[in-house]
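K.L.:
Take a look at this one; I'll ask things after.
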Amino acid sequence: MASSKGYLQFVLEQLSELSDITYRAMMGEYIIYYRGKIIGGIYDDRFLVKPVKSAIALMEETVFELPYEGAKEMLLVEDIDNKEFLTKLIETMYEELPTPKRRK
């Protein structure tokens, strides 16, 4: 099942406190970037983030889910209605995320 454009817009609105949030559509789903680094994505209308230590520490309950068959587990963000929490989560995760590889 592909994610809806409406859910993408809702998540982007929830992340609007952060500057430089971008996304890329990919096979019916959306990859979310913060300042050029992949933070996670929207898969089947679920907001999933990379399972870095700082994200795990911030979440009250840690729920791991697969974005799609054969992928690595990611963290399900259940407190999607809390803009303040989302902003803190993404800002905290940023330093732990890998720098994107440069294309030749």
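The values are calculated or read from the model by the stated rules, or taken from the named source; none is laboratory data. Please read all numbers here as calculations on a predicted model, not as lab measurements. A quick note on method: Cβ atoms are made from the backbone with ideal geometry, for glycine too, and the neighbour counts reach across all protein chains shown. The accessibility values were calculated without ligands, DNA or RNA, using every heavy atom of the protein model including side chains. Shrake-Rupley method; radii C 1.70, N 1.55, O 1.52, S 1.80 Å.
K.L.:
At what distance in nm do the modelled label points of E69 and K104 sit from each other, each positioned 7 Å from its Cα along Cα→Cβ?
P.N.:
3.3
K.L.:
I want to make sure I understand the PRE zone here: with the label point 7 angstrom from the Cα of I38 toward its beta carbon, which residues in segment 67-104 have backbone N atoms less than 15 Å away?
P.N.:
The answer is 67-75, 97-103, whose backbone nitrogens lie closer than 15 Å to the label point.
K.L.:
If you don't mind, there's one more thing I want to ask. So if the hydrodynamic radius of segment 13-76 is defined as the Kirkwood radius over C-alpha pairs, what does Stokes-Einstein give as its diffusion coefficient at 10 °C and 1.306 mPa s, in µm² per second?
P.N.:
Details: Rh = 12.4 Å.
The estimated diffusion coefficient comes to 128 µm²/s.
K.L.:
If you don't mind, another one. What list of ³J(HN,Hα) values in whole Hz, one per residue of segment 61-71 in order, does the Karplus curve 6.51 cos²θ - 1.76 cosθ + 1.60 (θ = phi - 60°) give from phi, with Gly and Pro shown as x?
P.N.:
The phi angles translate into 10, 9, 10, 8, 9, 8, x, 6, 3, x, 8 Hz.
K.L.:
Lysine pairs in segment 40-104 with Cα distance under 25 Å, only those 8 or more apart or on different chains: how many are there?
P.N.:
Close lysine pairs found across segment 40-104: 10.
K.L.:
Heavy atoms only, probe 1.4 angstrom, no DNA, RNA or ligands counted: give me K83, K53, K88 ranked by accessible area, highest first. It would help to have the intermediate numbers written out before the result.
P.N.:
Working: K83 60, K53 165, K88 115 Å².
Ranked from most to least accessible, the order is K53, K88, K83.
K.L.:
Build a GNM of the chain with springs between Cα atoms under 10 Å: which of A25, A55, A71 gets the top mean-square fluctuation?
P.N.:
A71
K.L.:
Which value, in debye to the nearest 20, describes the size of the charge dipole of the chain about its Cα centre when Lys and Arg Cβ atoms bear +1, Asp and Glu Cβ atoms bear -1, and nothing else is charged?
P.N.:
The dipole magnitude comes to about 900 debye.
K.L.:
Restricting to DSSP H runs of at least four residues, report the calculated mean residue ellipticity at 222 nm for the chain, -39500 (n - 2.57) per run over all residues, nearest 500 deg cm²/dmol.
P.N.:
Working: 3 runs with 28 residues, N = 104.
Helices in the chain give a 222 nm mean residue ellipticity of -7500 deg cm²/dmol.
K.L.:
A follow-up question, please. What is the set of long-range amide H partners of F47 at a cut-off below 5 Å, with H atoms built 1.01 Å from backbone N?
P.N.:
V77
K.L.:
Say the dipole of the chain comes from +1 at the beta carbon of Lys and Arg and -1 at that of Asp and Glu; which of Q9, L97, N82 then lies farthest toward its positive end?
P.N.:
Highest projection toward the positive end goes to L97.
K.L.:
Determine the sum of side-chain charges near M93: Lys and Arg each +1, Asp and Glu each -1, restricted to other residues whose C-beta is under 10 angstrom from that of M93.
P.N.:
Every neighbour counted, the sum reads +1.
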